[in-house]
Amino acid sequence: MPTYSFASASTSLPEAVTKAVSKDIVEWRQSKQSVLELPFTGDEFRDILIRTEQDLRSLLGFADHFHVLFLQGGASTQFALLPMNLLGPLERAAYVETGYWSQRAKNEARPWCRVSTAACGDGLSLPPPEDWQIAGDAAYCHYTTNESADGLQFHTMPDTGDVPLIADVTGDFLSHPIPVERYGLIYASGQKSLGAVGLTVVIIRDDLLRLARTGTPAPLDYRRQVAARSKVNTPPTLAVLIANHMLRWTLEQGGVETMACRNRRKAEMLYAMMDGDFYRCPCAVPDRSLISVRFHLPDARSEADFLQEAQANGLLHLKGHPAVGGLRAALYNTVTEDAVAALTAFMADFRSRRG
Ligand SMILES: *Cc1c(COP(=O)(O)O)cnc(C)c1O
């Protein structure tokens, strides 16, 4: 019986990628060394880093005045690095609050700046970008493109005028094309789209590199990391290599446009199960996430049974985020249409026995 993971915290990996990574761990390209043994200061790792950046640029297509950083620390570390790096002479930053992750981003910014709320959602729908009220003296406006816990996703691109727009794109990075050039900065943890934990990708516009507060530690300073090509200190070398294989895979599959089509089909299949009153998605239809599909059953007992039976049927990691409860299926790029078909078949069967 095949098993399928719908984990939100980390993506599953295509077999081609795990095989390629395993091979590199045993021996990196006839070098008689494991890729784990390559010094980050050497030519081999420099090439890996260059190719990874090139592949990311070919997938997303953005101009040269945007820099790519490969950092440690995860998206959660960026929450504090944003105000440390981007305030310049200003004191205020604007935050759009739409759920679990955007709230955490906002709370981490509080010690560093005056935080104002540009818009606030109700947890089940998103405030439309045209209604956001951004303070004129805000150094930037931050939002979360995909609220992975709450099951919400922005499907339109906000326009914040002269205030640089910053986005936590961890939840839906590479799942569809994104107009990078309309942002000041975007960032994503690697484990949800780029294969492995340990790597955080930051894409930042050149003019935002001069604003760090004095005393910002060197590894946490975007400008110094750009100048050092992400090597102020040791970058997460293995996670970068894995990201490189994942980016290659994504390119070979047809790129982010292909991913977007597939992801839409997968989400439609799953949301179609929620038409009746057994499976229920509480999120407003226009704001439902195509990647983080949240749903509930009529009662806690059925949800517990569902999880247990799903697991016995090879359908893994469907438990909802603790902050919102219920169930959740993450449909990252690597989750196949077959996996979603297996899940919906199981859901139909479970309902027919319980509904
Ligand atoms: C998972 C997730 C994070 C947290 O990532 P860490 O690597 O654990 O810091 C942040 N934002 C969003 C939208 C996420 O989905």
Checklist entry - Are any of the residues in region 43-53 surrounded by 12 or more Cβ atoms within 10 Å (Cβ to Cβ) and part of a loop (DSSP other than H, G, I, E, B)? => result no
Item to check | All positions within region 172-195 that are outside any helix (DSSP H, G or I), closer than 16 Å to Glu53 by Cβ and small (Gly, Ala, Ser) | outcome: Ala188, Ser193, Gly195
Checklist entry - Failed condition for Thr214, given (1) without any contact (Cβ under 8 Å) to a residue 24 or more places away in the chain; (2) among the hydroxyl-bearing types (Ser, Thr, Tyr); (3) under 19 Å from Leu60 (Cβ atoms); (4) surrounded by fewer than 19 Cβ atoms within 10 Å (Cβ to Cβ), with all others met? => result (3)
Checklist outcome for this item: Picked from region 169-192 (must be small (Gly, Ala, Ser) and farther than 16 Å from Val240 by Cα), the residue nearest to the ligand (Cβ to nearest atom) is Gly171
Next on the checklist: Name the residue that is nearest to Leu211 (Cα to Cα), counting only residues in region 141-157 that are free of Cβ contacts under 8 Å to residues at least 60 places away in the same chain and in contact with a strand residue (DSSP E or B) (Cβ under 7 Å, 6 or more places away or on another chain).
Outcome noted: Cys141
Next on the checklist: Is it the case, given these coordinates, that Arg57 is within 21 Å of Gly171 (Cα to Cα), without any contact (Cβ under 8 Å) to a residue 60 or more places away in the chain and either part of a strand (DSSP E or B) or more than 16 Å from the ligand (Cβ to nearest atom) (or both)?
Outcome noted: yes
Checklist entry - Which residue, of Ala139, Ala109, Ala75, Ala119, is modelled with pLDDT of 95 or more, among the hydrophobic types (A, V, I, L, M, F, W, C), within 11 Å of the ligand (Cβ to nearest atom) and surrounded by 17 or more Cβ atoms within 10 Å (Cβ to Cβ)? => result Ala75
Checklist entry - Would you say Leu124 is closer than 30 Å to Phe40 by Cα and away from the ligand (no atom under 13 Å from the Cβ)? => result no
Checklist outcome for this item: In region 144-159, anything away from the ligand (no atom under 11 Å from the Cβ) and of a type outside the set (A, V, I, L, M) is listed as Gly151, Phe154, His155, Thr156, Pro158, Asp159
Item to check | When residues of region 300-337 are limited to those that are hydroxyl-bearing (Ser, Thr, Tyr) and not in a helix (DSSP H, G or I), the one surrounded by the most Cβ atoms within 10 Å (Cβ to Cβ) | outcome: Tyr332
Checklist entry - Any idea which of Arg104, Arg29 is within 16 Å of the ligand (Cβ to nearest atom), surrounded by fewer than 20 Cβ atoms within 10 Å (Cβ to Cβ) and among the basic types (Lys, Arg)? => result Arg104
Next on the checklist: Cβ contacts < 9 Å: first residue under 24 Å from Ser8 (Cα atoms), restricted to region 175-195; second residue more than 13 Å from the ligand (Cβ to nearest atom) and among the acidic types (Asp, Glu), any location; separation 6+ or different chain. Result?
Outcome noted: His176/Glu257; Pro177/Glu257
Checklist entry - Taking region 4-50 on its own, how many of its residues are of a type in the set (Lys, Arg) and within 23 Å of Asn233 (Cα to Cα)? => result 1
Checklist outcome for this item: Within region 70-102, the residues that are in contact with a Lys or Arg (Cβ under 8 Å, 6 or more places away or on another chain), farther than 25 Å from Leu194 by Cα and hydrophobic (A, V, I, L, M, F, W, C) are Met84, Leu87, Ala93
Item to check | Tally of residues being in a loop (DSSP other than H, G, I, E, B), of a type in the set (Ser, Thr, Tyr) and within 17 Å of Val240 (Cβ to Cβ) across region 10-30 | outcome: 2
Next on the checklist: Looking at Leu87 and the list (1) farther than 25 Å from Gly320 by Cβ; (2) surrounded by 19 or more Cβ atoms within 10 Å (Cβ to Cβ); (3) within 16 Å of the ligand (Cβ to nearest atom); (4) over 15 Å from the mean Cα position of the chain (by Cα), which single condition is not satisfied?
Outcome noted: (3)
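The values are calculated or read from the model by the stated rules, or taken from the named source; none is laboratory data. Model, not experiment: these values are computed from the prediction. Here Cβ is always computed from backbone atoms with ideal geometry, including for glycine, and neighbour counts include all displayed protein chains.
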